[in-house]
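The values are calculated or read from the model by the stated rules, or taken from the named source; none is laboratory data. Since the structure is predicted, the reported quantities are computational estimates derived from the model, not experimental observations. Cβ: placed from backbone, ideal geometry, glycine included. Neighbour counts: every protein chain shown. These area figures cover heavy atoms from the full protein model, side chains too; ligands, DNA and RNA do not enter into them. Shrake-Rupley method; radii C 1.70, N 1.55, O 1.52, S 1.80 Å.
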Amino acid sequence: MHAARPLVVVLGAALLVTGCSSTPKVPGPKVPAPLESVAHYSENLYDAARSKDWTAAAAQRDTLKRAVLELSRAANESAALKSGVSAQIAVLDTSVSNHNRMTTLRSANEMTRLAAELARPYNAPVPVEITLLDYSGRELEVWAGAGDLAKLRDATATLRQTWDNVRKTVEKQRGGVAAATGFEALVARAESAATIGDYAAAATPVLDEVDKLEQLFP
(Lines give C-alpha, C1' and ligand atoms only; values in the text may rest on other atoms or scores of the structure.)
Protein backbone atom coordinates (compact mmCIF):
# COMPACT_ATOMS: atom_id res chain seq x y z
CA MET A 1 0.00 0.00 0.00
CA HIS A 2 0.94 3.60 -0.04
CA ALA A 3 2.51 5.70 2.69
CA ALA A 4 -0.08 7.55 4.73
CA ARG A 5 -0.27 11.29 4.39
CA PRO A 6 -1.74 13.76 6.91
CA LEU A 7 -5.48 14.22 6.50
CA VAL A 8 -6.19 17.34 4.52
CA VAL A 9 -9.24 19.28 3.41
CA VAL A 10 -10.09 22.18 1.14
CA LEU A 11 -9.25 25.57 2.60
CA GLY A 12 -12.25 26.92 4.41
CA ALA A 13 -14.40 23.88 3.55
CA ALA A 14 -16.38 24.04 6.75
CA LEU A 15 -16.74 27.81 6.92
CA LEU A 16 -20.30 29.07 6.76
CA VAL A 17 -20.49 32.18 4.61
CA THR A 18 -23.26 34.59 5.51
CA GLY A 19 -24.42 37.88 4.11
CA CYS A 20 -23.56 38.88 0.54
CA SER A 21 -21.90 36.46 -1.85
CA SER A 22 -18.72 38.52 -1.92
CA THR A 23 -17.89 37.73 1.72
CA PRO A 24 -14.36 36.29 1.68
CA LYS A 25 -13.72 32.78 2.95
CA VAL A 26 -11.28 32.46 5.82
CA PRO A 27 -9.22 29.29 6.34
CA GLY A 28 -10.23 27.15 9.30
CA PRO A 29 -7.84 25.97 12.01
CA LYS A 30 -5.11 23.40 11.45
CA VAL A 31 -6.02 19.70 11.66
CA PRO A 32 -5.35 18.66 15.30
CA ALA A 33 -2.37 16.36 15.82
CA PRO A 34 -4.45 13.52 17.37
CA LEU A 35 -6.73 13.49 14.34
CA GLU A 36 -3.77 13.40 11.95
CA SER A 37 -2.39 10.51 14.01
CA VAL A 38 -5.66 8.56 13.79
CA ALA A 39 -5.61 8.95 10.00
CA HIS A 40 -1.95 7.99 9.72
CA TYR A 41 -1.94 4.95 11.99
CA SER A 42 -5.22 3.55 10.72
CA GLU A 43 -3.76 3.44 7.22
CA ASN A 44 -0.54 1.93 8.54
CA LEU A 45 -2.60 -0.71 10.34
CA TYR A 46 -4.43 -1.50 7.11
CA ASP A 47 -1.10 -1.98 5.33
CA ALA A 48 0.23 -4.25 8.07
CA ALA A 49 -2.89 -6.43 8.04
CA ARG A 50 -2.86 -6.54 4.26
CA SER A 51 0.64 -8.05 4.35
CA LYS A 52 -0.28 -10.28 7.34
CA ASP A 53 2.45 -8.70 9.48
CA TRP A 54 0.68 -9.11 12.80
CA THR A 55 3.61 -7.88 14.89
CA ALA A 56 3.53 -4.58 13.02
CA ALA A 57 -0.27 -4.58 13.12
CA ALA A 58 -0.28 -4.89 16.90
CA ALA A 59 2.20 -2.02 17.21
CA GLN A 60 0.11 0.19 14.91
CA ARG A 61 -3.08 -0.71 16.77
CA ASP A 62 -1.54 0.25 20.11
CA THR A 63 -0.32 3.57 18.74
CA LEU A 64 -3.72 4.14 17.15
CA LYS A 65 -5.44 3.48 20.47
CA ARG A 66 -3.37 6.21 22.11
CA ALA A 67 -4.27 8.65 19.34
CA VAL A 68 -7.97 7.78 19.70
CA LEU A 69 -7.75 8.40 23.44
CA GLU A 70 -6.28 11.85 22.81
CA LEU A 71 -8.95 12.53 20.20
CA SER A 72 -11.71 11.52 22.62
CA ARG A 73 -10.62 14.34 24.93
CA ALA A 74 -11.00 17.00 22.21
CA ALA A 75 -13.99 19.21 22.90
CA ASN A 76 -14.74 20.41 19.38
CA GLU A 77 -15.14 17.14 17.48
CA SER A 78 -18.40 15.55 16.36
CA ALA A 79 -19.69 13.30 19.14
CA ALA A 80 -21.25 10.87 16.67
CA LEU A 81 -18.09 10.52 14.61
CA LYS A 82 -15.94 10.15 17.73
CA SER A 83 -18.29 7.43 18.93
CA GLY A 84 -17.78 5.66 15.61
CA VAL A 85 -14.01 5.88 16.02
CA SER A 86 -14.25 4.41 19.52
CA ALA A 87 -16.41 1.55 18.23
CA GLN A 88 -13.89 0.73 15.50
CA ILE A 89 -10.95 0.72 17.90
CA ALA A 90 -12.82 -1.83 20.03
CA VAL A 91 -13.24 -4.03 16.94
CA LEU A 92 -9.57 -3.64 16.04
CA ASP A 93 -8.45 -4.51 19.55
CA THR A 94 -9.99 -7.96 19.09
CA SER A 95 -9.40 -8.54 15.38
CA VAL A 96 -5.67 -7.81 15.54
CA SER A 97 -5.22 -10.05 18.59
CA ASN A 98 -7.06 -12.84 16.73
CA HIS A 99 -5.19 -12.23 13.46
CA ASN A 100 -8.52 -11.72 11.73
CA ARG A 101 -7.33 -10.16 8.51
CA MET A 102 -10.63 -9.31 6.84
CA THR A 103 -12.18 -7.69 9.91
CA THR A 104 -8.99 -5.72 10.55
CA LEU A 105 -8.86 -4.45 6.96
CA ARG A 106 -12.50 -3.40 7.02
CA SER A 107 -12.29 -1.70 10.40
CA ALA A 108 -8.99 0.08 9.73
CA ASN A 109 -10.36 1.44 6.48
CA GLU A 110 -13.56 2.56 8.19
CA MET A 111 -11.39 4.36 10.73
CA THR A 112 -9.73 6.20 7.86
CA ARG A 113 -13.14 7.30 6.57
CA LEU A 114 -14.25 8.53 9.99
CA ALA A 115 -11.02 10.46 10.46
CA ALA A 116 -11.51 12.09 7.06
CA GLU A 117 -15.01 13.19 7.99
CA LEU A 118 -13.76 14.58 11.30
CA ALA A 119 -11.17 16.60 9.39
CA ARG A 120 -13.72 18.51 7.29
CA PRO A 121 -13.84 21.66 9.49
CA TYR A 122 -10.07 22.10 9.41
CA ASN A 123 -7.57 23.84 7.17
CA ALA A 124 -5.22 22.00 4.82
CA PRO A 125 -4.65 22.13 1.07
CA VAL A 126 -5.96 18.77 -0.20
CA PRO A 127 -9.73 18.11 -0.39
CA VAL A 128 -11.05 15.54 2.05
CA GLU A 129 -12.68 13.84 -0.94
CA ILE A 130 -9.22 12.80 -2.16
CA THR A 131 -8.75 10.87 1.09
CA LEU A 132 -12.19 9.35 0.56
CA LEU A 133 -11.19 8.24 -2.95
CA ASP A 134 -8.34 6.34 -1.29
CA TYR A 135 -10.86 4.85 1.12
CA SER A 136 -13.04 3.71 -1.80
CA GLY A 137 -10.07 2.17 -3.57
CA ARG A 138 -9.33 0.11 -0.48
CA GLU A 139 -13.00 -0.84 -0.25
CA LEU A 140 -12.70 -2.31 -3.74
CA GLU A 141 -9.63 -4.20 -2.59
CA VAL A 142 -11.29 -5.48 0.59
CA TRP A 143 -14.55 -6.63 -0.97
CA ALA A 144 -12.83 -8.18 -3.96
CA GLY A 145 -10.86 -10.23 -1.45
CA ALA A 146 -14.10 -11.21 0.24
CA GLY A 147 -15.79 -12.02 -3.07
CA ASP A 148 -18.78 -9.80 -2.29
CA LEU A 149 -20.24 -8.38 -5.51
CA ALA A 150 -22.97 -6.40 -3.75
CA LYS A 151 -20.44 -4.58 -1.57
CA LEU A 152 -18.23 -3.99 -4.60
CA ARG A 153 -21.10 -2.32 -6.44
CA ASP A 154 -21.79 -0.15 -3.40
CA ALA A 155 -18.10 0.80 -3.16
CA THR A 156 -18.06 1.71 -6.84
CA ALA A 157 -21.15 3.89 -6.46
CA THR A 158 -19.47 5.70 -3.55
CA LEU A 159 -16.29 6.08 -5.61
CA ARG A 160 -18.30 7.68 -8.42
CA GLN A 161 -20.16 10.07 -6.10
CA THR A 162 -16.96 11.15 -4.35
CA TRP A 163 -15.14 11.63 -7.64
CA ASP A 164 -17.98 13.68 -9.13
CA ASN A 165 -17.86 15.93 -6.06
CA VAL A 166 -14.15 16.66 -6.37
CA ARG A 167 -13.44 16.45 -10.10
CA LYS A 168 -13.88 20.16 -10.83
CA THR A 169 -11.55 21.01 -7.96
CA VAL A 170 -8.93 18.65 -9.38
CA GLU A 171 -9.28 20.16 -12.85
CA LYS A 172 -8.46 23.63 -11.49
CA GLN A 173 -5.01 22.51 -10.35
CA ARG A 174 -1.95 22.69 -12.59
CA GLY A 175 -1.97 19.49 -14.61
CA GLY A 176 -5.37 18.67 -13.18
CA VAL A 177 -7.29 18.31 -16.44
CA ALA A 178 -5.11 15.44 -17.63
CA ALA A 179 -5.17 13.85 -14.17
CA ALA A 180 -8.96 14.13 -14.03
CA THR A 181 -9.31 12.52 -17.45
CA GLY A 182 -7.16 9.62 -16.32
CA PHE A 183 -9.02 9.12 -13.06
CA GLU A 184 -12.39 9.32 -14.79
CA ALA A 185 -11.29 6.39 -16.96
CA LEU A 186 -10.45 4.38 -13.84
CA VAL A 187 -13.83 5.09 -12.26
CA ALA A 188 -15.52 4.06 -15.51
CA ARG A 189 -13.45 0.87 -15.50
CA ALA A 190 -14.70 0.01 -12.01
CA GLU A 191 -18.26 0.78 -13.08
CA SER A 192 -17.95 -1.63 -16.01
CA ALA A 193 -16.61 -4.46 -13.84
CA ALA A 194 -18.69 -7.63 -14.00
CA THR A 195 -16.64 -10.14 -12.01
CA ILE A 196 -14.68 -10.23 -8.78
CA GLY A 197 -11.50 -10.34 -10.85
CA ASP A 198 -12.53 -7.21 -12.76
CA TYR A 199 -13.01 -5.30 -9.51
CA ALA A 200 -9.74 -6.60 -8.06
CA ALA A 201 -7.90 -5.46 -11.18
CA ALA A 202 -9.47 -1.99 -10.91
CA ALA A 203 -8.53 -1.40 -7.25
CA THR A 204 -4.74 -0.99 -7.48
CA PRO A 205 -4.76 1.55 -10.35
CA VAL A 206 -7.30 3.62 -8.43
CA LEU A 207 -5.06 3.65 -5.35
CA ASP A 208 -2.00 4.49 -7.43
CA GLU A 209 -3.77 7.35 -9.17
CA VAL A 210 -5.06 8.81 -5.91
CA ASP A 211 -1.42 9.23 -4.88
CA LYS A 212 -0.91 11.32 -8.03
CA LEU A 213 -4.03 13.38 -7.35
CA GLU A 214 -2.67 14.22 -3.88
CA GLN A 215 0.47 15.63 -5.50
CA LEU A 216 -1.61 18.21 -7.35
CA PHE A 217 -2.25 19.99 -4.04
CA PRO A 218 1.15 21.17 -2.75
Practice item. Apply the Karplus parameterisation 6.51 cos²θ - 1.76 cosθ + 1.60, with θ equal to phi minus 60°, to every residue of the range 54-61 and state each ³J(HN,Hα) to the nearest whole Hz, in sequence, with x for glycine and proline. Key: 6, 5, 5, 4, 5, 5, 5, 4
**Study point:** Where trypsin sites (Lys or Arg not before Pro) fall in DSSP loop in the range 171-214, at most 15 other Cβ within 10 Å
**Key:** LYS172, ARG174
Study note, to complete from the structure: Expected vector for the range 42-49, Karplus 3J(HN,Hα) from phi with 6.51, -1.76, 1.60 and θ = phi - 60°, integer Hz, x for Gly and Pro, equals 5, 5, 4, 5, 4, 4, 5, 5
**Study point:** 25 Å Cα-Cα threshold exceeded, pairs from LYS82/LYS212; LYS52/LYS82; LYS82/LYS168; LYS52/LYS151; LYS65/LYS212
**Key:** LYS82/LYS212; LYS52/LYS82; LYS82/LYS168; LYS65/LYS212
Review point. Heavy-atom accessible area per residue, the range 133-218, 1.4 Å probe: how many Å²?
Key: 47 Å²
**Study point:** Tensor-based shape of the range 26-176 (alpha-carbon gyration tensor, a/c under 1.5 rounded, otherwise prolate or oblate)
**Key:** oblate
Review point. Long-range amide H contacts for VAL126: which residues qualify at under 5 Å (H placed 1.01 Å from N, peptide plane, sequence gap of 5 or more or a different chain)?
Key: VAL9
Exercise for review: Determine the share of the range 84-218's accessible area contributed by carbon and sulfur atoms, expressed in whole percent, with a 1.4 angstrom probe.
Suggested key: 49 percent
Review point. Looking at the square roots a ≥ b ≥ c of the eigenvalues of the Cα gyration tensor of the range 103-202, which shape do they give, rounded for a/c under 1.5, prolate if a/b is larger than b/c, or oblate?
Key: oblate
Study note, to complete from the structure: Pseudo-spin-label distance LYS172 to ARG73, built 7 Å along Cα→Cβ, given in nm, is 3.8 nm
